[in-house]
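Contents: one structure, followed by commentary.
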Amino acid sequence: MNIVKTVDQVRAQVKAWRAEGLSVGLVPTMGYLHEGHGSLISKAVEQNDRVVVSVFVNPTQFGPNEDLEAYPRDMNRDSALCEKLGASLIFNPEPSEMYRPGFCTHVNMDVLTSTLCGASRPVHFGGVCTVCSKLFNIVKPDRAYFGQKDAQQLAIIRRMVEDLNMDLEIVACPIVREEDGLAKSSRNTYLNEDERKAALVLSKAIFLGQDMVKDGATSAAEVKKAMTDLINSEPLARIDYVEIVDGLTMQPVEEIGAPTLAAIAVYIGKTRLIDNFIV
Ligand code: PAF
């Protein structure tokens with residue numbers, strides 16, 4: 001697998017592809033790839049002539065007490081998966097390559113970042129917007145691929161691309177789940193055996209909410225309460241948020257219509273996991 005570390009190397013490769021008239025897809029990741037990332041890479045391979053996967057644990061999207069140091073890394077495995085799925089290039093920069101001395105330009109967003117993960121992780125989305133802007137400028141892809149599991153991130157990236165007239169298409173891919181329902185996440189690796197069992201309460205709450213809406217429930221308060229009660233029945237779970245918001249603005253709604261996002265973040269022990277469904 002071709003792995004490059006510098007911006008210049010990526011640019012040279014993409015320029016060569018462009019000279020041949022080839023289209024380019026980008027899958028931005030923080031590595032420790034699982035089947036959720038795999039589905040993004042496969043989609044990108046299907047829709048583009050060449051695919052760049054960026055593997056970069058972006059320090060600017062972690063708060064001071066978050067898991068930047070502990071975040072799992074395994075470049076050999078990541079590279080094998082990218083190769084198997086047909087990606088063309090891995091961009092794996094050091095933080096010093098992405099954030100050169102004197103770096104002081106940041107992309108920030110209002111409104112969409114004020115709720116859900118943005119409320120409990122105040123620096124997070126500024127870091128995500130900044131690094132994704134950089135990656136889009138470095139790779140200049142035709143399309144970039146994001147998972148629906150990070151639904152707020154996806155809405156924010158779409159908004160940023162629209163607001164800043166970025167010339168690429170954002171493609172969303174559905175949540176990939178373990179057989180028992182748990183949404184795939186690199187952070188699942190932090191869970192011990194008891195916590196792994198307890199973590200099922202997230203997908204159970206999501207499926208419960210989804211069923212209520214399918215059965216005609218339209219009151220956000222009612223659905224939120226049922227989901228909250230279910231999560232609270234699990235002793236190892238501690239709710240960060242259970243919210244039902246407008247699918248575009250990420251602001252709370254009272255009535256469930258379309259597009260609406262029901263999103264949860266729950267600590268299982270020390271591990272913070274998220275899940276959601278879209279109406
Ligand atoms: O979803 C992620 O893994 C990250 O937030 C992203 C989009 C790669 C930016 O660092």
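The values are calculated or read from the model by the stated rules, or taken from the named source; none is laboratory data. Since the model is a prediction, treat every value here as computed from it, not as a measurement. Glycine gets a Cβ as well: all are built from the backbone with ideal geometry, and neighbour counts include every protein chain shown. Just so you know, the surface numbers come from the protein's heavy atoms only, side chains and all, with ligands and any DNA or RNA stripped out. Shrake-Rupley method; radii C 1.70, N 1.55, O 1.52, S 1.80 Å.
Restricting attention to the range 236-279, the residues being among the small types (G, A, S), buried (at least 22 other Cβ atoms within 10 Å of the Cβ) and under 16 Å from R158 (Cβ atoms) number 1. Here the range 186-219 is the region considered, the condition is being closer than 24 Å to T260 by Cβ and part of a loop (DSSP other than H, G, I, E, B), and the residue that is most open to solvent (accessible area, probe 1.4 Å) is D215. For the range 1-47, which positions are of a type in the set (A, V, I, L, M, F, W, C), within 14 Å of the ligand (Cβ to nearest atom) and closer than 18 Å to E169 by Cα? Once the filter is applied, which keeps residues that are of a type in the set (A, V, I, L, M, F, W, C), within 14 Å of the ligand (Cβ to nearest atom) and closer than 18 Å to E169 by Cα, the range 1-47 yields L26, V27, L40, I41, A44.
Looking across the range 102-124, the residues that are open to solvent by less than 40 Å² (accessible area, probe 1.4 Å), more than 9 Å from the ligand (Cβ to nearest atom) and not in a loop (DSSP other than H, G, I, E, B) come down to L112, T113, L116, C117, G118.
Among the conditions (1) more than 23 Å from P72 (Cα to Cα); (2) surrounded by 16 or more Cβ atoms within 10 Å (Cβ to Cβ); (3) not basic (K, R), L154 misses just one, which is (1).
Taking the residues in the range 125-143 that are closer than 23 Å to L22 by Cβ and free of Cβ contacts under 8 Å to residues at least 40 places away in the same chain as candidates, determine which candidate is farthest from the ligand (Cβ to nearest atom). Selected residue: N137. Being away from the ligand (no atom under 16 Å from the Cβ), open to solvent by 20 Å² or more (accessible area, probe 1.4 Å), of a type outside the set (A, V, I, L, M) and not in a loop (DSSP other than H, G, I, E, B) holds for only one residue in E179, E162, and it is E162. Could you tell me whether D167 is part of a loop (DSSP other than H, G, I, E, B), under 30 Å from K140 (Cα atoms) and open to solvent by 60 Å² or more (accessible area, probe 1.4 Å)? Criteria met by D167.
Which residue is nearest to G31 (Cα to Cα), if the candidates are limited to the range 125-153 and must be hydrophobic (A, V, I, L, M, F, W, C) and not in a helix (DSSP H, G or I)? If we take residues in the range 125-153 being hydrophobic (A, V, I, L, M, F, W, C) and not in a helix (DSSP H, G or I), then F146 is nearest to G31 (Cα to Cα). Scanning the range 38-86 for residues that are open to solvent by 50 Å² or more (accessible area, probe 1.4 Å) and not in a helix (DSSP H, G or I) returns D49, R50, P64, N65, E66, E69, A70, R73, D74. The residue that is modelled with the lowest pLDDT, counting only those in the range 18-37 that are surrounded by fewer than 18 Cβ atoms within 10 Å (Cβ to Cβ) and in a helix (DSSP H, G or I), is E35.
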